[in-house]
Structure formats: C-alpha cells, structure tokens
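Just so it is clear, none of the values below were taken in a lab; they were calculated from the coordinates. In this text the structure is predicted, and so the values were computed from the model without any measurement. Here Cβ is always computed from backbone atoms with ideal geometry, including for glycine, and neighbour counts include all displayed protein chains.
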Amino acid sequence: MKHLARILVVEDEPAIAELIAVNLRHGGFVPVLAEDGVAAQRAVDETLPDAILLDWMLPGQSGLQLARQWRKDARTKTIPILMLTARTDEVDRVAGLDAGADDYISKPFSTQEMLARIRAVLRRRAPELVKDSVSVGELTLDAATHRVSFRSRELRLGPTEFKLLHFFMKHAERVHSRSALLDRVWGDHVFIEERTVDVHVKRLREALGEAGAMVETVRGAGYRLTANPGRSG
C-alpha cells in the first residue's frame, strides 16, 4: 500500500486551515490540523509528519519560533517546513529561510502552487545531507554530529549555512552558479530568488570567521570553496 504523505498544517484561521486541508486531501496527502504552537508540538510528538505547512503569525509562539525550535531538535530537524505568510519583503523571506524553513509561500497563493511546492520539498528532502565527514584544508565538517571546526576550533552555523557549506566542501574547488546552488542545496525548484544565495553566502563567510576567505566569489560565474584562497586561477 502506497504511503500517503502526512502534512501538518499549523494555521490559526479555521477557514484557511480547512481550505488547505480539503486541497491536500484532493492532492493525495493526509492533512493534520493544529491551530497554535502547543497543538502543533503535540501533533509532532504523536506522529512525525512528512512536511509542515507553518503560518508565520500564530497566537503564542510565532511560526518563526516554532521553526527554530524544530530545527534544534534531532527528531524534527530534517522535516521539510514551508512557511505560510502575508509578509512579502525580502528581509522577511530571508528571516523565514534563516529560521530553517525550506520554502516560503506568500498569501494569497494558488492551490496548485501550494501542492507543487509540497511535492518539491518532499522530493528534495535533505538532498545533500549524507551523514559523512569531510575536510578541506583545515576546515572540517561532520554531518552526523552537525559540527564544523576550523583549526580545531568549533564554529556555529545556522541550518541553511550548514547545508550550503556541506555542499561546497563536497564539491570543493569547483565553481557553482547561483542557480546550481539553489537546485542542489535548496532543491529542484525556482521559488527562491537567486540573490537569496548571496545573503546566505555572506552569512556563511561571517560564521566561518578566518575561514570565510575560503568561499570565493568568481565574478560572473558564482562561488567556489577553495583550500587556497587567493591562489586559484
């Protein structure tokens, strides 16, 4: 029997929640509804969903706080999260992605767009997160323990920067365009603007400190991670 993906819908407006649930059922998914953070956590504790549709504005804990909470928990950190929000400014989009969301759906949205994005995050679930360890020069990343260190000193990275660095390190010395990074790190879709990559590369460099110079901008082409910054051709 085919597994039907279970989608947790965290939305405090009953009419919107029910409309989403009806469309999810028609799309071949099993919806689970929660009106706030407490109900959402209870649902997650009972049965892990395959993906979460998470409204930004909720009573009590905000969707942003919930996303950060779930990303810190080993049990829930790989569940795809799609943020639902009326906020459309780039700073808000980046905040949602930075909190650990995999995608961002602006209200109002079409049913077909919503279903397509859910299918996309399920297809690309943790695309590059093989539980391995990789080193480039004095920079080391352990995917199993989610740790990064440079010259034996541990560094703190957000979830998106960690995924981005993991990909760079697995494909070191190669130049990657912004669109290629979107496909391989965020997934096979076109819903996130390419300039969002620039924002996360900037944050990655800041988090890496001295090692930030290893992430080079290749003018007109994209980015690469190199063990010998400044010496590449």
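If packing is taken as the mean number of other Cβ atoms within 10 Å per residue, what is the order of 103-113, 16-26, highest first?
Most protected by this proxy first, the peptides run 16-26, 103-113.
For the chain, with a Gaussian network of springs between Cα atoms less than 10 Å apart, report the residue from GLY137, GLY212, GLY100 with the top mean-square fluctuation.
Result for the chain, Cα springs under 10 Å: GLY137 fluctuates most.
On a C-alpha basis, how far is the centre of the stretch 140-187 from the centre of the stretch 1-75 in Å? Whole number, if you could?
With the stretch 140-187 and the stretch 1-75 each reduced to a Cα centre, they are spaced 28 Å.
Below 29 Å Cα-Cα, how many Lys pairs turn up in the chain? Only count pairs eight or more apart in sequence, or on different chains, if you could.
The result is 19.
Could you point to the residue in LEU157, VAL38, PRO49 farthest towards the positive end of the chain's charge dipole, with +1 and -1 charges on the Cβ of Lys/Arg and Asp/Glu respectively?
Farthest towards the positive end: LEU157.
Mind listing the phi-derived Karplus ³J(HN,Hα) values for the stretch 54-69, rounded to whole Hz, using 6.51, -1.76 and 1.60 with θ = phi - 60°, and x for any glycine or proline?
Once rounded to whole Hz, the list reads 10, 6, 5, 8, 10, x, x, 5, 7, x, 4, 5, 5, 4, 4, 4.
With the contact rule set at Cα under 8 Å and sequence spacing of 6 or more, what percent relative contact order holds for the stretch 6-123?
23
Go ahead and run the numbers for FRET between ALA86 and GLU138, Cβ-Cβ distance against an R0 of 41 Å, rounding to 0.05. Please list the in-between numbers first.
Details: r = 45 Å, r/R0 = 1.10.
According to the calculation, E is roughly 0.35.
Any idea what the dipole of the chain comes to, in debye rounded to 20, about its Cα centre with Lys/Arg Cβ at +1 and Asp/Glu Cβ at -1?
840
Given a Förster distance of 35 Å, report the FRET efficiency between THR78 and SER152 from their Cβ-Cβ distance, rounded to the nearest 0.05.
Using R0 = 35 Å, I get an efficiency of 0.80.
Return one quarter of the surface area of the convex hull spanned by the alpha-carbon atoms of the chain, equal to its mean projected area, in nm². Intermediate results must be reported in sequence, preceding the final value.
Details: hull surface 53.2 nm².
Spelled out: convex hull of the Cα atoms, projected over all directions, averaged, 13.3 nm².
Using Cα pairs closer than 8 Å and at least 6 residues apart in sequence, work out the relative contact order for the chain, in percent.
Relative contact order here is 13 percent.
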